[in-house]
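The values are calculated or read from the model by the stated rules, or taken from the named source; none is laboratory data. This structure is a prediction, so every number in the text was calculated from the model and none was measured. Positions of Cβ are generated from backbone atoms using ideal geometry, with glycine treated the same way; all protein chains shown enter the neighbour counts. The accessibility values were calculated without ligands, DNA or RNA, using every heavy atom of the protein model including side chains. Shrake-Rupley method; radii C 1.70, N 1.55, O 1.52, S 1.80 Å.
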4 protein chains.
Amino acid sequence: MAYNLLKGKKGIIFGALNEQSIAWQTALKAHEEGAQLVLTNTAVAMRLGTIAELGKICNAEIIPADATSSEDIENLLKKSMEIFGGKVDFVLHSIGMSPNVRKGLPYDALNYDYFHKTLDISALSFHKILLSARKLDAIKEWGSVVALSYVAAQRTLDKYNDMGDAKALLESIARSFGYIYGKDKKIRVNTISQSPTMTTAGAGVKGIDSLIDFTERMSPLGNASAEDCANYIVTLFSDLTKKVTMQNLYHDGGFSSMGMSERAMRQYDKSFNDCD
Amino acid sequence: MAYNLLKGKKGIIFGALNEQSIAWQTALKAHEEGAQLVLTNTAVAMRLGTIAELGKICNAEIIPADATSSEDIENLLKKSMEIFGGKVDFVLHSIGMSPNVRKGLPYDALNYDYFHKTLDISALSFHKILLSARKLDAIKEWGSVVALSYVAAQRTLDKYNDMGDAKALLESIARSFGYIYGKDKKIRVNTISQSPTMTTAGAGVKGIDSLIDFTERMSPLGNASAEDCANYIVTLFSDLTKKVTMQNLYHDGGFSSMGMSERAMRQYDKSFNDCD
Amino acid sequence: MAYNLLKGKKGIIFGALNEQSIAWQTALKAHEEGAQLVLTNTAVAMRLGTIAELGKICNAEIIPADATSSEDIENLLKKSMEIFGGKVDFVLHSIGMSPNVRKGLPYDALNYDYFHKTLDISALSFHKILLSARKLDAIKEWGSVVALSYVAAQRTLDKYNDMGDAKALLESIARSFGYIYGKDKKIRVNTISQSPTMTTAGAGVKGIDSLIDFTERMSPLGNASAEDCANYIVTLFSDLTKKVTMQNLYHDGGFSSMGMSERAMRQYDKSFNDCD
Amino acid sequence: MAYNLLKGKKGIIFGALNEQSIAWQTALKAHEEGAQLVLTNTAVAMRLGTIAELGKICNAEIIPADATSSEDIENLLKKSMEIFGGKVDFVLHSIGMSPNVRKGLPYDALNYDYFHKTLDISALSFHKILLSARKLDAIKEWGSVVALSYVAAQRTLDKYNDMGDAKALLESIARSFGYIYGKDKKIRVNTISQSPTMTTAGAGVKGIDSLIDFTERMSPLGNASAEDCANYIVTLFSDLTKKVTMQNLYHDGGFSSMGMSERAMRQYDKSFNDCD
């Protein structure tokens, strides 16, 4: 069911790899809600994934860009404004990667060049997008910018490694730039702290199956899916949430406010059963 | 502009006194978005305010109820279900009052019967509504319940007195019941922490003008108005936010994430000007 | 090992029942650190427990008081000042009880008179102590007041019932009164959010064994014991923490900042083992 | 007054420049409390400041080290262990610098090489110290590591620029490493979020005078000084706080829990006086 919530709005979506991607689902949903889109990802991700297919469904142009390159971002923004015939209403940042995680370097033996790269890709890229947008005056007044985060920014998860730190930095950048961009242009900047999601990126985290089982049982409404998240993001892009800014919004079926649920405790208790 | 976001949905709205009320604005907006409503307030508030007028505009029945009375609430829920011909989709709780504030008793000399009354009216009433709804199975699966809160739940404000404590309790009840109602019926329960608003209730707080000026200058997007809040609430009642629960959501133009803004600091600095 | 951290200081300790009590351990430790003490509990708790023994060890007088009775509290404070020959330096509030939990009434079918009683005993009692102390000017400038809380104030725990709400209210009262008492008398007011502890009160919570096992595995330093907590409280009573106020301080081996630990996940995973 | 709280303990203190430094005051206090110290700073800071004097007072050796250089840190740790004849009990990290702030580049026009440098100096240096310590097994079991932070990690302050982000990252690193180091070696890692302090670093922040006036009036106990902070740090290095880890501890006279104080509001109101 569609409401035309984004009718006439124009947006850029970073990070759609394939159908599992939250960015992919958001593009579908934003398109359904009447938005005109530009999609973007790195050249590598575009080869690995199936973004061309999404472009067709959404009738959206695809412009490759490395979100760590200010030059690429400026090019993307300029071309998008040409395509749109004007400024952008909303932006989704769904980007994160840790070379330390990829290479299996544990947190107490990580490589610092990689650490900087993790921060650059997963957090500073958000700053670069906002800075370039501001420089080019690319976002309309009362526009909306969202980045995807995770509860690891507040609570340490085994093996999540330097990605937890990157998410903390990302959320801080959202606040810091939200202040600047808000006072001058009334543009709001928020992060969504989403349930662990079985995206291609998520699937790369060791032990994610067990974690997803645990959070599913802990969360009274269960984990939020990529589709659920897309729905939520659309409300944040709409004109109905104009005064929400500098927030980290948990979208997780209640997980973040749970200490212990009956279901999780019951499952945990089974672990003590003897198998004779 | 309307989107039919609440088309076919039925809701109960507590606490509309007059046009300034957030509950009033929410009723208007929910009506525009296609919802069928029942309005309620205490008999006294109904006499003091102009809720009958709102009922006409929204084509909504008005059922008086004292939200501290489980009997009244049950009556309200039963009648609402009769009117709706079925269960309720959403509920707004916008109720708060402190006899200690009214009588001008300061926090370090308050009356404990009044303190219990503050808690009963402003926080336990929310529990009573949820308990009665659950007992009568009055809310549909994936329904949405929202209560209005304030940042005083986290940060002490001079003269806000026992209302800060009441809001902290209210937010806790939202979490506690959100767990129960979520795991069994998938019903979500959230609070919105709204900017200080010049409602009739707000106007009763001493020094609210100065505070509103300060928060206006601190918040990059300025204070959120009652109309803004109504828009936001509608997104939380919609089907697009199904996995958001047990959250306290700041709707305040960024205030809650600000340490110090340029505008507020500049104004503050003027206080040191000598007047010769 | 003792440091004379509280040498010459005088303090009142509420809530010591028996050796398991955090209040008991705090009394022992404060005594070791050179403080002179008055112990107090309700008449019933004094019969059930062994506080007389503690009085002997600590060379402390015991004055019965019901912490929900302003009259009892005033009597206690006056007598304490007589005994001390002057004002009090520190106070520990370690009091909590829920008739709803005791009677086995679940959160969605609780009794509201009991709910008010839970709040009165577990939270408003703290306000009453502070109000009476202020009225009698019973606490020295730069004195320190501590109440014991639990993470249930922020995150819902199955079966913890209205005690979670009571703890949220308690923490709010600590902030609210901390403002008042701080600005006028430089007295600091804080809460400690302690690991689940196998006290007599804790043992009454259903399923506490499993919970304690889980938090032990989640917390990198393991759960904090009553003795650990006593040590921490002593630092908050000392002159070394004069500028810490209105805080809720987690004393839990790291639990509150954990999303998932290796140990807890490994144990959880065992629950899926088939027993053939 | 001294308590021998750190008797027999050995510690390394990073970041003492001159008497204004929190690190300087901490060294003095830790020395008074019986600790043996090694002091360290960059070669540049050693020339600019007067650390040699502090070394004499505390009878401490001074080993220059650039905290962004793993090599320097390892050298420092090895030499310290030689001097101490064994492992270290505690470490203080009091390091922060932003080239963007220094060069006056605003947040929406900052230089990304500088941004990485800000993060490297102010946050990753903490990770490097912990990683090297762990590699060399340089910290004793139940040791304590503290880094200094600021509320800008949670709330945006005008002109604080990328230092707010750096502090958010620093606090996240404390949590992340606190998990690792805690589970294996029982070493605790915390940050202290200190009042704005008129250190040499603080004095470099534009408009800090006004901010300090505001926070002084907002905080019921007034701002915490460098000496106050030193006292608090000593409690965290002591054996009395063994189960506190992965926490960010506000040491700010109550500021972080304040929404609005009477004193600040009164001063703010003066800004509206007409000067005719």
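Descriptive notes on the structure:
- About its Cα centre, segment C:228-276 has a charge dipole of approximately 340 debye under the convention of +1 per Lys or Arg Cβ and -1 per Asp or Glu Cβ, with nothing else charged.
- Dipole magnitude for chain D: about 940 debye, using +1 per Lys or Arg Cβ and -1 per Asp or Glu Cβ, origin at the Cα centre.
- Listed residues C:94, C:261 arranged by accessible area, highest first, probe 1.4 Å: C:94, C:261
- Residue A:147 long-range amide H proximity, modeled H, under 5 Å: A:93, A:190, A:191, A:192
- Placing a label point 7 Å from the Cα of residue B:4 along the Cα-to-Cβ direction, the distances to the matching points in the other copies come to 0.9, 8.2, 8.2 nm, shortest first.
- Report summary: the helix-based calculation at 222 nm, which adds -39500 (n - 2.57) for every DSSP H run with n ≥ 4 and divides by the residues of the protein assembly as shown, gives -13000 deg cm²/dmol.
- Here is the interface size for A with D: some 2900 Å² of accessible area buried, both sides summed, with a 1.4 Å probe.
- Solvent-accessible heavy-atom area per residue, rounded to whole Å², over segment A:127-171 at 1.4 Å: 23
- Part-to-part distance (alpha-carbon centres) for segment A:45-109 and segment C:63-92, which is given in Å: 66
- Buried on assembly, segment A:87-124 (at least 50 Å² less accessible surface than by itself, 1.4 Å probe): A:107, A:108, A:112, A:116, A:124
- Comparing the full protein assembly with the isolated chain (1.4 Å probe, heavy atoms, ligands and nucleic acids excluded), the residues of segment B:152-176 losing at least 50 square angstrom of accessible area are B:155, B:156, B:158, B:165, B:169, B:175, B:176.
- Overall size of chain A from C-alpha positions, given as principal axis extents largest first: 71, 45, 38 Å.
- Counting heavy atoms of the protein chains alone, residue A:160 has an accessible area of about 40 Å² for a 1.4 Å probe.
- Normalising by residue count, segment B:28-84 has a Cα convex hull of 74 Å³ per residue.
- The base-10 log of I(q)/I(0) for segment B:115-162, evaluated at q = 0.16, 0.19, 0.31 Å⁻¹, reads -0.60, -0.75, -1.19 [Debye formula, identical scatterers on Cα atoms, solvent excluded].
- Among C:203, C:147, C:174, the largest mean-square fluctuation in a Gaussian network model of chain C, built with springs joining Cα atoms closer than 10 Å, belongs to C:203.
- At the residue level, residue C:216 shows approximately 70 square angstrom of accessible surface with a 1.4 angstrom probe and all protein chains present.
- Within the accessible surface of segment C:128-276, defined with a 1.4 Å probe on protein heavy atoms only, the carbon and sulfur portion equals 47 percent.
- At q = 0.10 Å⁻¹ the log10 of I(q)/I(0) for segment B:112-197 amounts to -0.26, computed by Debye summation with a single uniform scatterer per C-alpha, solvent ignored.
- Label-point spacing at residue B:79 relative to the other copies reads 5.4, 6.3, 8.3 nm, in ascending order, each point sitting 7 Å out from Cα along Cα→Cβ.
- 15 Å beta-carbon shell around residue A:34, net charge (K/R +1, D/E -1): 0
- With DNA, RNA and ligands ignored, accessible area of residue A:262 (1.4 Å probe; Å², nearest 10): 60
- For residue D:227, label point 7 Å along C-beta direction: distances to other copies, nm: 3.6, 5.6, 6.6
- Accessible area in square angstrom per residue, segment C:29-118, 1.4 angstrom probe: 46
- Angle of helix B:125-135 to the longest C-alpha principal axis of chain B, folded into 0 to 90 degrees and rounded to 10: 20°.
- Apportionment of accessible area to carbon and sulfur, segment C:1-52, percent (1.4 Å): 53
- Probe 1.4 Å, all protein chains present, accessible-area order of C:120, A:269, A:113, largest first: A:113, A:269, C:120
- Computed across the protein assembly as shown, the Kirkwood hydrodynamic radius from all distinct Cα-Cα pairs reaches 29.9 Å.
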